[in-house]
1. If you check every pair at least six apart or on different chains, which have Cβ atoms under 7 Å apart with a residue in region B:92-113 that is more than 11 Å from chain A (Cβ to nearest Cβ) first and a residue that is among the aliphatic types (A, V, I, L, M) and not in a helix (DSSP H, G or I) second?
2. Residues in region B:69-96 that are surrounded by fewer than 16 Cβ atoms within 10 Å (Cβ to Cβ), assigned to a helix (DSSP H, G or I) and polar (S, T, N, Q): how many?
3. Is one or more of the residues making up region A:200-208 at the interface with chain B (Cβ under 7 Å from one of its Cβ atoms), open to solvent by 10 Å² or more (accessible area, probe 1.4 Å), among the small types (Gly, Ala, Ser) and in a helix (DSSP H, G or I)?
4. In contact with a Gly (Cβ under 7 Å, 6 or more places away or on another chain) and either more than 12 Å from A:PHE142 (Cβ to Cβ) or surrounded by fewer than 21 Cβ atoms within 10 Å (Cβ to Cβ) (or both): is that true of A:THR99 in this structure?
5. When you go through A:ILE167, A:ILE162 one by one, which is the residue that is away from chain B (no Cβ under 11 Å), among the hydrophobic types (A, V, I, L, M, F, W, C), in a helix (DSSP H, G or I) and over 30 Å from B:PHE236 (Cα atoms)?
6. Just name the residue that is farthest from A:LEU63 (Cα to Cα) out of those in region A:214-252 that are in contact (Cβ under 8 Å) with a residue 60 or more places away in the chain and open to solvent by 60 Å² or more (accessible area, probe 1.4 Å).
7. Taking region A:30-53 as the search range and keeping residues that are in contact (Cβ under 8 Å) with a residue 24 or more places away in the chain and open to solvent by 20 Å² or more (accessible area, probe 1.4 Å), which one is farthest from A:THR217 (Cα to Cα)?
Amino acid sequence: MKRVAIVVSIMIILIFFFGPIVFVIWTSFRDYGAILAGMFFGFHYSLDNYMNVFFNPGYHFTLGLINSLIVSLATTLIVIAVSFPTAYSLARFRTGGGTLSSYILSIRFLPPIIFAVPLFVLLNMANLNDTILGLTIVYLAFNIPLAVFVLRSFIMEIPVDIEEAAIVDGCSRLQVMRHITLPLTKAGIAAAGILTFIMVWAEYLFALLLTLKDAVTINVVASQFVTQHSIRYGEIAAAVTVGMLPTVVFLLLIQNYLVKGLTLGAVRG
Amino acid sequence: MPSRRSSNSSRRANPPKLSFPLSDRAIPKLLVIPALAILLGVTIYPLLFAYYMSVHDMTIVNFWNPRFIELRNYIEIISRSDFWYSIRFSIFFMIIVTVIEFAVGLGMAVLLDRPMRGKRAIISMILIPMGIAPALFGIMMKLMLNEFVGIVPYLLKQLGITYNFFRDFTSSLITLIWVDVIQWTPFIFIIIYASLQALPRDPIEAAIVDGASRWQVFRYVTFPMLRRTILIVIIFRIMDALKTFDTIYVMTGGGPGISTTTLSVYIFKLALILGDYGLAAAATIIFLYLAMVVVSFALRFLRREEVI
């Protein structure tokens with residue numbers, strides 16, 4: 001009896017949490033007429049939605065996809081490159097004490113809209129609105145905090161003895177960081193990098209505010225589908241399916257580091 | 001700044017013996033400079049600029065020559081009832097989703113904290129909503145709840161129920177809470193679940209041997225051991241719930257009327273749709289102080305728990 005109750009509750013949980021994903025993927029393969037007629041059963045499947053989403057010249061989906069890819073990759077690379085030294089410095093020297101850590105963490109916590117309006121105006125003045133460069137610069141700042149804290153918690157787990165031994169052997173601090181700590185933090189770098197990629201790919205507020213047509217990201221394009229082609233449900237579903245694919249795969253890939261990453265290292269998974 | 005950095009790199013090229021004591025003192029500070037420069041440039045500078053904007057009449061029309069108007073933007077914004085409404089709605093939404101997500105997430109973590117077949121697959125499926133961009137997730141849910149093509153209204157109709165998920169304030173609010181709960185309960189679930197799995201088994205088994213009921217074990221043994229994790233997860237969730245923008249913007253656009261407008265949606269609309277950047281900046285500054293209150297509580301707690 002108790003077993004049955006557990007199985008039933010898990011079924012209900014999966015319907016609620018996984019059902020929407022199944023529905024959207026399913027819808028993306030159903031054809032236009034069947035969707036509009038509200039025909040849920042019977043065989044009405046095709047790849048038309050995907051074909052249209054990718055190849056219809058009226059849509060900017062492919063552009064959004066490429067932009068998202070460029071912005072996410074560029075942001076991730078730079079964020080990791082500048083966050084690793086910072087994380088190392090915070091982990092080993094407590095640079096800046098509580099003040100610097102608190103400042104970095106508060107950027108992770110403060111609502112991004114607080115920075116959005118002045119950034120919109122400033123980027124406009126610098127002629128950087130609707131450019132990939134402008135968007136990347138903004139994303140850098142809002143993703144450094146997460147990367148710094150995740151990397152810091154990974155570095156803090158490496159015994160200091162190893163580094164001290166290297167220093168005794170005549171390595172400089174920077175050599176230690178590069179040749180001892182960096183290789184030992186590989187897992188952390190992968191986790192922080194993937195989390196950053198997911199965050200940038202998923203970002204919507206700045207993308208909507210700071211892009212217009214050239215630098216639109218996939219989320220912006222997908223939400224434009226809803227307003228401009230609101231009746232083409234199958235295509236909306238196809239756009240959403242393609243858009244969620246990379247981040248879902250990445251999330252499952254770093255599942256083991258997820259808890260640590262999401263709590264910035266405060267909780268060990 | 002460039003001169004300091006170049007002197008560092010030349011120092012690195014020097015034989016380590018000579019440069020060692022000096023560089024070791026400077027290096028920790030030099031290492032944080034690139035990240036700090038980006039952070040200051042993209043956060044502090046715009047905030048200072050927001051103060052400037054907030055005391056100027058800066059709209060889409062007179063963008064290039066804003067006029068100094070003292071505190072008139074602030075007076076205007078605090079006299080708007082929809083501004084106060086959006087503050088109240090933001091706080092209300094933040095509290096209600098955090099409470100529901102915590103309760104559901106804790107329940108799910110306890111439910112799955114036992115051996116069962118296919119658990120890894122089940123957990124992966126539960127986590128997936130969290131891995132989807134909130135904007136895309138909102139669109140997805142909007143499709144699923146759509147009165148013409150959505151599967152949920154269709155199934156409800158088979159049961160003889162006609163329900164529009166976006167008809168009025170109440171139905172829209174319930175829909176938005178539902179969507180937020182589906183997307184972010186996995187966050188709370190996975191963190192509590194991981195902590196549960198990492199708990200030492202001895203105290204729990206001792207309590208069971210002493211004849212404690214399942215509920216008593218949870219209430220007096222497990223729960224106290226989870227205290228730190230629970231507080232951390234609630235803090236993270238509260239901070240993120242205060243930001244809520246994406247799902248609401250794509251699903252209801254803050255409507256019907258302004259009934260589901262959070263502060264983020266409100267300020268966004270002031271800037272992008274109304275085109276009044278000065279007014280939006282005044283609202284921004286007020287939101288900054290409001291958020292700082294919550295953030296400083298969070299930071300104080302995290303420091304006490306030695307997270308930072």
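The values are calculated or read from the model by the stated rules, or taken from the named source; none is laboratory data. Model, not experiment: these values are computed from the prediction. Note that each Cβ is placed from the backbone with ideal geometry, even for glycine, and that neighbours are counted across all protein chains shown. With ligands, DNA and RNA removed, areas are computed over all heavy atoms of the protein, side chains included. Shrake-Rupley method; radii C 1.70, N 1.55, O 1.52, S 1.80 Å.
1. Nothing qualifies.
2. Within region B:69-96, residues that are surrounded by fewer than 16 Cβ atoms within 10 Å (Cβ to Cβ), assigned to a helix (DSSP H, G or I) and polar (S, T, N, Q) number 1.
3. Yes, region A:200-208 contains a residue that is at the interface with chain B (Cβ under 7 Å from one of its Cβ atoms), open to solvent by 10 Å² or more (accessible area, probe 1.4 Å), among the small types (Gly, Ala, Ser) and in a helix (DSSP H, G or I).
4. no
5. A:ILE162
6. Restricting to residues being in contact (Cβ under 8 Å) with a residue 60 or more places away in the chain and open to solvent by 60 Å² or more (accessible area, probe 1.4 Å), the top hit is A:ILE231.
7. Out of the qualifying residues, it is A:LEU36.
Conditions tested, residue by residue: (1) hydrophobic (A, V, I, L, M, F, W, C); (2) more than 9 Å from every other protein chain (Cβ to nearest Cβ); (3) outside any loop (DSSP other than H, G, I, E, B); (4) open to solvent by less than 20 Å² (accessible area, probe 1.4 Å).
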| residue | (1), (2), (3), (4) |
| --- | --- |
| B:PHE137 | yes, no, yes, yes |
| B:VAL152 | yes, no, yes, no |
| B:SER171 | no, yes, yes, yes |
| B:ILE182 | yes, no, yes, yes |
| B:ILE204 | yes, yes, yes, no |
